[in-house]
Amino acid sequence: MRPSTPFQRPSRASRPSGTGGLVTALRPHQWTKNLIVFAGLIFGEHLFDPASGIRAGAAFAVFCALSSAVYLFNDLADREADRLHPTKRFRPIASGAVAPAVAGATAAILAVAGLGTALLIGRAFAGVAAAYVGLQVLYSVLLKKIVIIDVFTIAAGFVLRAAAGAVAIPVLISPWLLIVTTLLALFLGFSKRRHELVLLADQATDHRPSLEEYTPYLLDQMISVVSASTIVAYAFYTVSPETIQKFGTNLLPLTLPFPLYGIFRYLYLVHQREGGGSPAELLLTDGPLLVCVALWGAAVIALIYWVP
């Protein structure tokens with residue numbers, strides 16, 4: 001049964017205000033998603049090349065600026081719907097802590113600065129960055145309303161980040177890594193939709209119209225498909241002749257337990273702890289998941305760079 005009254009606007013005491021509110025609206029905790037731009041640096045075997053490291057760091061900074069601009073734009077467009085959400089109603093724009101005019105101006109400045117810096121890094125990188133911004137804006141105004149396409153758009157954003165990190169250096173990136181990135185992003189996206197559907201219950205479609213077309217059972221089927229596909233694709237990447245020849249080692253399959261545990265841990269958090277609403281926050285707050293990702297990264301770097 002639909003609740004008779006919507007969620008109330010947060011009291012002024014509960015809202016971040018002023019500069020603090022604007023910083024919160026930039027969602028710096030979400031910048032962890034942009035770490036994927038370093039995939040090209042690591043898997044392109046340029047990790048210890050200072051020039052490549054600087055270019056990759058600049059690419060990361062550009063995507064932090066652009067993603068924050070997109071978050072501001074999205075929160076401006078969704079501020080009325082966010083006020084009906086039990087947690088998003090505390091966002092600075094939805095709660096009234098940050099004025100829409102301030103948020104809009106900040107988004108424009110970040111977008112111009114980010115794309116301008118991207119052009120200094122290189123035209124190819126700037127093209128990918130511009131495509132990312134265009135896709136995210138299109139998502140905010142249209143694509144997020146279309147079932148399945150909404151999650152595919154989220155996944156495309158991750159792929160563009162990975163591609164941007166490669167062209168910034170520049171290096172070639174294996175198609176297998178782009179496939180794994182796509183599948184993993186779909187896994188996270190469908191898990192996020194499931195969390196929203198369960199959390200909001202009867203109010204789900206008030207917040208996000210596409211949720212009307214989803215059911216927990218349907219999302220569980222999709223999650224099962226992409227989670228299994230992610231593991232299989234990663235396994236194929238580690239044993240492919242191209243990978244073995246490139247890195248000079250056949251030991252990368254030893255890293256397979258880390259993504260296996262990571263996906264199983266994430267599913268546990270989604271189903272048993274009602275997590276999954278924000279993958280970035282979950283990564284930063286769940287100790288076992290954070291340790292798993294860190295150990296996977298360390299193992300991959302050791303095998304690629306130090307183990308003969």
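The values are calculated or read from the model by the stated rules, or taken from the named source; none is laboratory data. None of the values given here were measured: they were computed from a predicted structure. Methodologically, a virtual Cβ is constructed for each residue, glycine included, from the backbone with ideal geometry; neighbour enumeration extends over all protein chains shown. All accessible areas refer to the heavy atoms of the entire protein, side chains included, with ligands and DNA or RNA removed. Shrake-Rupley method; radii C 1.70, N 1.55, O 1.52, S 1.80 Å.
Numbers for the structure displayed
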| read-out | value |
| --- | --- |
| Accessible surface of residue 246 - all protein chains present, 1.4 Å probe, nearest 10 Å² | 80 Å² |
| Solvent-accessible area per residue, Å², over region 35-162 with all protein chains present [probe radius 1.4 Å] | 40 Å² |
| Computed lengthening from residue 220 to residue 48, 0.36 nm per intervening residue step minus Cα-Cα distance | 57.8 nm |
| Sorted largest first, extent of region 70-138 alpha carbons per principal axis (Å) | 42, 20, 15 |
| Region 60-68 - phi-based ³J(HN,Hα) in whole Hz, Karplus 6.51/-1.76/1.60, Gly and Pro as x | 4, 4, 4, 6, 5, 5, 5, 5, 5 |
| Per residue accessible area of region 215-308, 1.4 Å probe, in Å² | 53 Å² |
| Table column - 3J(HN,Hα) (Hz), region 98-105, Karplus curve with 6.51, -1.76, 1.60, x for Gly and Pro | 10, 5, x, 5, 5, 5, x, 5 |
| Mean shadow area of region 231-308, taken as a quarter of the surface of its Cα convex hull (nm²) | 5.4 nm² |
| Solvent-free Debye scattering, log10 I(q)/I(0), computed from the Cα coordinates of region 135-235 at q = 0.16 Å⁻¹ | -0.72 |
| Accessible area of the chain belonging to carbon and sulfur atoms, whole % at 1.4 Å probe | 70 percent |
| Derived scalar couplings ³J(HN,Hα) [region 42-50; Karplus, 6.51 cos²θ - 1.76 cosθ + 1.60; whole Hz; x for Gly, Pro] | 6, 7, x, 6, 10, 4, 9, 8, x |
| At 1.567 mPa s and 4 °C, Stokes D of region 55-181 from Kirkwood alpha-carbon radius, µm² per second | 84 µm²/s |
| Calculated FRET value between residue 212 and residue 301, using beta carbons and R₀ = 51 Å, to 0.05 | 0.70 |
| Angstrom value of the Kirkwood radius, inverse mean 1/r, which spans all Cα pairs in region 21-107 | 14.3 Å |
| Percent of Cα-Cα distances greater than 17 Å, calculated over region 108-160 | 40 percent |
| Dimensionless Rg ratio for the chain, taking C-alpha atoms and the 2.2 N^0.38 Å reference | 1.03 |
| Computed [θ] at 222 nm, helices only, for the chain once each DSSP H run of length n ≥ 4 contributes -39500 (n - 2.57) | -22500 deg cm²/dmol |
